[in-house]
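The values are calculated or read from the model by the stated rules, or taken from the named source; none is laboratory data. Quick caveat: nothing in here was measured; it's all calculated off a predicted structure. Virtual Cβ from ideal backbone geometry, glycine too; neighbours counted across all protein chains shown. Surface areas here come from the heavy atoms of the whole protein model, side chains and all, with no ligands, DNA or RNA. Shrake-Rupley method; radii C 1.70, N 1.55, O 1.52, S 1.80 Å.
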Amino acid sequence: METNQNRVNFGSKIGAILAAAGSAVGLGNIWRFPYETGNHGGAAFILIYLLCIVVLGLPIMMAEFAIGRHSRANTAGAYKVLAPGTPWRGVGYMGVLAGFLILSYYSVVAGWTLEYTWQAVGNGFAGMNAEGYTQFFADFSANPWRSLLWMLVFMLMTHWVIIKGVKKGIEKSAKIMMPVLFILILVLAVCSVMLPGAGAGLEFLLKPDFSKVTPDVFLGAMGQAFFSLSLGLGCLSTYASYFGKDTNLSKTALSVGLIDTLVAITAGLIIFPAAFSVGVSPDAGPSFLFITLPNVFQMAFGSVPFLAYIFSVMFYVLLALAAFTSTISMHEVVTAFVHEDWKLSRTKAAWCVTIFCTLLGVFSALSFGVLADMKIFGLTFFDFLDTLTSKVMLPLGGMLISVFAGWYLDRRIVWEEISNNGSLKVPFFKLYIFILKFVAPIAIGFIFLNELGLW
Ligand code: PHE
């Protein structure tokens, strides 16, 4: 396969950074990170998480960038260019499949964010009590038509951005949505931190408690870093195939890692102070976002109903935006593959992805209601796909990507990409290769074995 030098590019470096950051910043940052942090030793967990980002996340992200930009192809095509005729292309196919599967279930929860935005805008949460929220969520998530409808809307929104193309769709939407997301998250954090009694939440989030740091916490932090940075499925390598020649890969990776981490920590500054100020202790999973939080917001700001209203609206719009820039990146992984590998037009390729993903998504959506009893390995369809992708496919993909870039790929290619053909100084290059060759594969091997309960 030829490298495609006439491929479209992102129009600007900042566009490239915002698109990649849009992929990384998602539902994973807003509920999973704060929860993991609070329960695993606050600032102690944040320190370990930062270490994982720097030692594992950024090197693998740079490897994905180098693979994508050098091959200028979708993630499966990249291996055909860089390692023709070898089984390495399997890593690309697995990434495409992972992107497809994640999109199918992620868009179910993304659809919920639209329902909740809709309810918040219509002031539907006002005056409910705690049981009311639980009932509302149970009724809504089990109602086949409502959740299917919102999932379809979310999928069509994603589709619309994808068919507009790389520059006018992905880049432009990221340039509009990411700044809005930053403003919303900052305003919400400031409001939440100013609530009376917010200090207990801050303490829960930030006070380092090293006694809670077990080996498990290390592994949890690594897994979280992976999912949160969208690593391991070729999402960022697909985006990098649209990077310009002068994009500085290390700087871009650093910016994406920094934005992703700051958003995650700021999300904690929204959730915990609000929850603690009304005496609600945080718990895990979607139920926290969709049952506990609407209640928390009403209670915390209830004395000024308008504040409660505007806070809820902003929060669910924030969630929807974060999910949206992520679903766009998953869709693009698969669309770029179908377009280039199966030689369909971009629009036809996008329709294929949208239609088949929606069909698969139906099973995930219904697994909260009529299909709740359909179990695979004891898990509902939704949980099965989540476990299969985030606990098996992404770590495995990440490990193989670092082995590929560290051991297989010509050292010159890696150097050319990281240094932009020698125009940038790369003082850390030897250390970088050492991490790719040894540190990352071994560390991820441990997460992987641990997640599977084999270690
Ligand atoms: N990083 C996204 C989040 O934090 C999820 C994601 C995973 C996006 C894999 C793209 C690819 O929610």
Next item on the list: Kindly indicate which of K251, K245 is in contact (Cβ under 8 Å) with a residue 24 or more places away in the chain and basic (K, R).
Entry: K245
Check: What about V190, is it out of contact with any Phe, Trp or Tyr (no Cβ under 7 Å at 6 or more places or on another chain) and modelled with pLDDT under 95?
Finding: yes
Margin query: open to solvent by 10 Å² or more (accessible area, probe 1.4 Å), farther than 30 Å from Y93 by Cα, within 16 Å of the ligand (Cβ to nearest atom) and in a helix (DSSP H, G or I): is that true of L258 in this structure?
Written below: no
Next item on the list: Read through the list (1) closer than 30 Å to A350 by Cα; (2) open to solvent by less than 60 Å² (accessible area, probe 1.4 Å); (3) free of Cβ contacts under 8 Å to residues at least 24 places away in the same chain, then give the number of the only condition that I176 fails.
Entry: (2)
Next item on the list: Could you check how many residues of the range 319-338 are within 8 Å of the ligand (Cβ to nearest atom), more than 20 Å from I270 (Cα to Cα) and aliphatic (A, V, I, L, M)?
Entry: 2
Next item on the list: Check every one of the helices (runs of 4 or more DSSP H) wholly within the range 324-419 and list those with 3 or more residues that are under 27 Å from F136 (Cβ atoms).
Entry: 346-366, 381-386
Notebook entry, point to check: Counting just the residues of the range 29-45 that are open to solvent by 10 Å² or more (accessible area, probe 1.4 Å) and within 16 Å of the ligand (Cβ to nearest atom), which one comes out farthest from A78 (Cα to Cα)?
Noted result: Y35
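Residue by residue, here is whether (1) within 16 Å of the ligand (Cβ to nearest atom); (2) more than 26 Å from the chain's Cα centre (by Cα); (3) of a type in the set (A, V, I, L, M, F, W, C) holds:
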{"site": "A110", "(1), (2), (3)": "yes, no, yes"}
{"site": "N129", "(1), (2), (3)": "no, yes, no"}
{"site": "F136", "(1), (2), (3)": "no, yes, yes"}
{"site": "L188", "(1), (2), (3)": "no, no, yes"}
{"site": "D209", "(1), (2), (3)": "no, yes, no"}
Note to self: I'd like to know if the range 220-241 contains one or more residues that are away from the ligand (no atom under 16 Å from the Cβ) and either free of Cβ contacts under 8 Å to residues at least 12 places away in the same chain or not in a helix (DSSP H, G or I) (or both).
What the structure shows: no
Notebook entry, point to check: Which of the residues that make up the range 420-430 are in a helix (DSSP H, G or I) and exposed (fewer than 11 other Cβ atoms within 10 Å of the Cβ)?
Noted result: K430
Check: Within the range 49-66, is even one residue among the charged types (D, E, K, R) and open to solvent by 10 Å² or more (accessible area, probe 1.4 Å)?
Finding: no
